[in-house]
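Have a look at the structure below, then the notes.
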Amino acid sequence: MSFQRRADYQRQVAAACRRLLPGVSRVVVAVSGGADSCALLDLLLRFGYRVVVYHLNHGLRPEAHADAAFVAARVARYRRRGYAVELVSEAIDVAAVAETRGVAWEQAGRDERYLRLEAVAGAWNCQAICTGHHRGDLAETVVMNLLRGCDAIGLAGIPERRDTAGGLAVVRPLLRVSAACLRGHLRRRGLDWCEDASNQDRRFTRNRIRHEVLAQWEQATPGTADEFARRAIVAQRALAGHDRALSKVWRAGQREVPLRDVRRLSEEDQGLLWRRLAAELALPINRTTIARMADLAVGAPGRRLDLGVMSLWSTGQEIRWERTDGQPWEACWLTMPGETDCPMGTLTVTAGVPRVSALPPNEAILDVDVLRGDLLVRPAREDERWQALGAPGSKTLFSYLADRGVPAQARRRYPVVADGDGAVWVPGHGIAERAAISARSHRAWRLSFYDAS
């Protein structure tokens, strides 16, 4: 499909929306106040979509508050004209977030933006997230990926659509439209926009690519950026065959990657798999990250890989992951019998159950008469000792979890069920020796745990 001419860009964007957003009526749109996101907002409203505008002040520029006010005024203007549009505006200190997580400002801002967009989409019942990435962004991304070292996914640049870990679609309807065309659209509509001075800051990699690398190539060979963008679209089509192979191993939203299936993939498809996973988890997509993920997959069970806000580990059978920037959550007393929701999942307690010889890892049977007081679910404690069923002696919960491949950063949030004397069940792994039913047992609780994912 060729790129747009000025006369037909609206028809092309409308067709992209129909293709990327089938059956969708309400979307959340990331609007910075810049020309690209303002043009996307205007086009989506003109096409009849119900829109929730999301603006995030990163706290990096003195004029950022003015940008937030500009976006609020633009939304108010659309509402006065009868458009179905709402506004959610937030502010964070990206520099502080980046320092805490040990990542660059760009990465911290991107992570927070997509996390918050997904939360807003859920709160407002939006069916997709839309961003204003355009043809120039696509070309810049391809060049950045080439300089970092990339494979087919890197050459494909920014995908027109991807799914988040929660199964929500992130779509970019403007990828075949130039920045100049979008600015022209706003001028013809009598709409202004904000110019972000940080877009000229050469400390940021993308800005150096835009203003130095691509600018020089364009001067030497006009049309270079367009050619990179065209090649990216071709590469995205070529990935369709690889996607069929990868979908048999892992799909977006799936919470683990089975290693047995990974080993059946070709070397090229394994590399594509790790890049797909890195993209979904909002990890830096470069040679170092991909190599470390591949190395984790062939390493010993229990090895872990900490990458910013995400921690991945191998159980020997699977690669698993979780966010690691949250604080330990508050304990929840269990309804006995009944169902209890906690930040990490749902626990069900059933009374008067028969003895069962084998249970799945997410279930346990405890002797009621030996338990001290009511049960609660809480995070594991680093210095807490317990004796697992069948173990020769006691050890700390953190040591027990480490032996089972749970990474250090995940242990402090791992859920355990406890009574007044300490942990009696570690869901997915085992129960305490003292809580096991025996020939002398008369009453039992049957517990089931379903994690929040």
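Quick rundown of the values:
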item: Rel. contact order, % - alpha carbon contacts under 8 angstrom, at least six apart, the chain; result: 12 percent
item: Listed values (1) 200; (2) 242; (3) 168, entry calculated as volume of the Cα convex hull per residue in Å³; result: (3)
item: Ranked list, fewest to most other Cβ atoms within 10 Å of each Cβ, for Cys17, Cys126, Cys332; result: Cys332, Cys17, Cys126
item: Segment 6-235, relative contact order [Cα under 8 Å, separation at least 6], %; result: 24 percent
item: Degrees between helix 105-123 axis and first principal axis of the chain (Cα, 0 to 90, nearest 10); result: 70 degrees
item: Proxy reagent accessibility, fewest Cβ within 10 Å first, across Ser266, Ser37; result: Ser266, Ser37
item: Anisotropy class of segment 6-235 from Cα gyration tensor, a/c 1.5 cut; result: rounded
item: Around Asp369: net Lys/Arg minus Asp/Glu count, Cβ-Cβ under 13 Å; result: +2
item: Antiparallel bridge percentage (DSSP; both residues within the chain; nearest 5); result: 70 percent
item: In range of the label at Gln387: residues from segment 427-453 whose backbone nitrogen is under 18 Å from the point 7 Å along Cα→Cβ; result: 430-441
item: Rounded to 10°, Cα long-axis angle of helix 179-188 versus longest principal axis of the chain; result: 70 degrees
item: Helix 224-247 vs. the chain, principal-axis angle (Cα, 0 to 90°, nearest 10); result: 30 degrees
item: Full-extension gain in nm, Glu106 to Arg440, via 0.36 nm per residue minus C-alpha separation; result: 114.1 nm
item: Length released on extending from Trp124 to Glu227, taking residue separation times 0.36 nm less the Cα-Cα span; result: 33.2 nm
item: Value at 222 nm in deg cm²/dmol, rounded to 500, when DSSP H runs of n ≥ 4 in the chain each add -39,500 (n - 2.57); result: -11500 deg cm²/dmol
item: Amide H partners (placed H, <5 Å) of Leu307, local residues excluded; result: Leu312
item: Using θ = phi - 60° and Karplus 6.51 cos²θ - 1.76 cosθ + 1.60, couplings along segment 263-275 (whole Hz; Gly, Pro as x); result: 5, 7, 7, 5, 4, 5, 5, 5, x, 5, 4, 5, 5
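The numbers here are math on the coordinates, done by the rules we state, and not lab data. Quick caveat, the model's predicted, so the values are computed rather than measured. Please note: Cβ atoms are built from the backbone with ideal geometry, for glycine as well, and neighbour counts cover all protein chains shown.
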